[in-house]
Amino acid sequence: MTRPGTRDLRTRWGSLYHYFKRMMQIRKALDVFCCLADDNVDVPELEGGKQYSYYKLSNDEWNIIRRCTEALEIVSKLTTELGKERLATCQKVFPILERAQIKWEELLADANYAPVAPALQAGLYNMKKWYCTAIDSPIYFICHVLDPARKLSFLNKFWETEWIEHGKDQLEHVVSLSDYWISSALIILLSFSIIKQLSKGKLLLQL
C-alpha cells in the first residue's frame, strides 16, 4: 500500500520538508505520469488546453527541490525537538535557533546551494527576526540561565555583552515582581488568619 501524498502548510517549515521529501521519493512515478498522462483516456483532461507534460520537472528543477529538502531537514529536526509536549523546551530556544542559523549560513557559502540561495537568505532573515523577538521576551532567557546544564556558558560564547546584560535586567525585574507578589500574598494570608482568629474570639466572648 502506498503512502498518501503529504500536504504543505505555509506556516510550518517541517510540513514543507516532508512534502518535498515525499516528492523525491516518488520522483520517477511523477515523471512517468507527466509523460504518459496526456495519452491516457482514463486521466481527466486539464482545463484551458493545458497538458500534463508541461508539469514535468527538469533535472535542474529536481536539483532545486533536493537542495530545499536538505536545507529544510535541518530546521525540521530542530523544530521537532522544540515541539515536544511532555518536556519543557523554553531553555532550548536560543541554542536551537543558533544551530539552525549556523548550518544555513554554511549552506549559503556552499556553491551547490546557489540555486536556493535567495530562499536561504529569506529564511535566515526570519530566523534572526525570531531570535531578536525571543531576546526581548524574558521567559526564554530566564529558563535558559536557570537550567543547571546551561546557565550562561552558551550565551557568553554566542551573545553580545549588551544582550546578556539586557537579559539579566529582565531576570532581576521578574524576581523583584515575584518578591512583591509573594510578600503581598503572605500579607493577605496573614490578614485572613488574623480575621479568622478575631472572629473565633468574638464568638467565644458572645458565648
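None of the figures in this text is laboratory data; all of them are computed from the coordinates on show. The model shown is predicted, which means the values in this text are computed figures rather than measured ones. In this analysis, Cβ positions are derived from the backbone assuming ideal geometry, glycine residues included, and neighbour counts consider all displayed protein chains.
Computed from the C-beta positions of Q25 and A149, the FRET efficiency with R₀ = 45 Å rounds to 0.75. Computed from the C-beta positions of A114 and E61, the FRET efficiency with R₀ = 25 Å rounds to 0.95.
Residue exposure proxy: D39, D147, ordered by other Cβ atoms within 10 angstrom of their Cβ from fewest to most, comes out as D39, D147.
For the residues E165, E81, E70, what sequence is obtained by ranking on other C-beta atoms within 10 Å, fewest first?
Working: E165 11, E81 14, E70 17.
Listed from fewest to most nearby Cβ atoms, that is E165, E81, E70.
Note on K103 and T80: the extension gain reaches 6.6 nm, defined as 0.36 nm multiplied by sequence separation minus the Cα-Cα distance. The ranking of M127, M24 by Cβ neighbour count inside 10 Å, starting from the fewest, reads M24, M127. Across the alpha-carbon atoms of the stretch 13-159, the computed radius of gyration and Dmax are 20.8, 67 angstrom.
In this calculation the C-beta distance from K157 to A122 is compared with R0 = 35 Å, giving a FRET efficiency of 0.85.
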